[in-house]
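Report on the following structure.
Just so you know, all these numbers are worked out from the coordinates, no wet-lab data involved. In this text, all values refer to a predicted model and were calculated from it rather than measured experimentally. Here Cβ is always computed from backbone atoms with ideal geometry, including for glycine, and neighbour counts include all displayed protein chains.
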Amino acid sequence: MKADNNSHYLIYRVLGISNNEGSLIDEYQNTGRFLYKYAGSFLEEAASLCLFFANSKGGKTTVENTEGKKPKTFEIYFLNGNDAVELKWRDATTDGDHIIKEHTRVKVIKGHGYKPIRVMFYYPQREQAIKIQEILKTIYSGVDGEYYAGDEAWNYLTKISGYDLKLILTEIAERRDNENN
């Protein structure tokens, strides 16, 4: 980042942000993007492993998009028998294209004979993102799918896999906290 072109700091300065503060803003933004990406991947992979250890015949697969041309396929994060489980650590997307894509995805998965199930561990906090999630919940319900968010998601994973991932992660976090104190 130190070698980056920082000409955009001009705008920061116009807004009353010093070069030093601008540098910190960029650093924290990049750190945040990195952390969000990998924190999400970590949680989704850990949840997938819980499902896999409970059902080693399940796993990721794709289905052809029979409703449109883009995307060509939709990924099923974990096919657990007839249940097409989508694992999300959180979803804060607020655009209309997201709703259309998710609606299409759910219809396609249902059309392939699977039951779409959305498992999202952390609910978004922004008002518009919450409205999108309410729409998605209705879409899943409309095709006899299931939608779990927050504590319901953690409970679903425990019930289906037999692993209390939230408890496991809490114990790991507490051990690390104790090691650092």
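When a/c reaches 1.5 or more, the comparison of a/b and b/c decides; with that in mind, is region 25-94 rounded, prolate or oblate per its Cα gyration tensor? Oblate is the answer for region 25-94, as a/c is 1.5 or above yet b/c matches or exceeds a/b. Computed from Cα positions, the angle between helix 127-142 and the longest principal axis of the chain comes to roughly 10 degrees. For the chain, the share of DSSP beta bridges that are antiparallel, to the nearest 5, is 40%. The long axis of helix 96-111 is offset from the longest Cα principal axis of the chain by roughly 20 degrees. Can you give the angle from 0 to 90° between the axis of helix 165-180 and the longest principal axis of the chain, with both taken from C-alpha atoms, to the nearest 10? It is inclined by approximately 30 degrees.
Please build a GNM for the chain, connecting alpha carbons under 10 Å apart, and tell me which residue among Lys166, Lys107, Lys70 fluctuates the most. In the Gaussian network model the winner is Lys70. Placing pseudo-labels 7 Å out from each Cα toward the beta carbon at Ile17 and Lys57 gives an inter-label distance of 5.4 nm. Normalising the average separation of contacting C-alpha pairs (under 8 angstrom, six or more residues apart) by the number of residues puts the relative contact order of the chain at 17 percent. For region 27-94, relative contact order (Cα pairs under 8 Å, six or more residues apart, normalised by length) works out to 28 percent.
Computed over neighbours whose Cβ is under 15 Å from that of Asn82, the net charge equals -1, Lys and Arg +1, Asp and Glu -1.
Can you figure out the FRET efficiency of Arg176 with Ile130, using R₀ = 45 Å and their beta-carbon distance, to the nearest 0.05? The calculated FRET efficiency here is 0.90. Our estimate of slack between Thr73 and Lys166, defined as 0.36 nm per intervening residue step minus the Cα-Cα distance, is 30.4 nm. Largest mean-square fluctuation among Ser56, Ser18, Ser141, in a Gaussian network model of the chain whose springs join Cα atoms under 10 Å apart, belongs to Ser18. The residues neighbouring Gly40, those whose beta-carbon lies less than 9 Å from its own, together hold a net charge of +2 under the Lys/Arg +1, Asp/Glu -1 convention. Straight-line reach from Lys115: which lysines have Cα under 19 Å away, leaving out those fewer than 8 places along the same chain? List returned: Lys57, Lys60, Lys88, Lys101, Lys107, Lys137, Lys159.
Residues considered: Leu169, Leu24, Leu157. Largest GNM mean-square fluctuation over the chain, using C-alpha springs under 10 Å, is found at Leu24.
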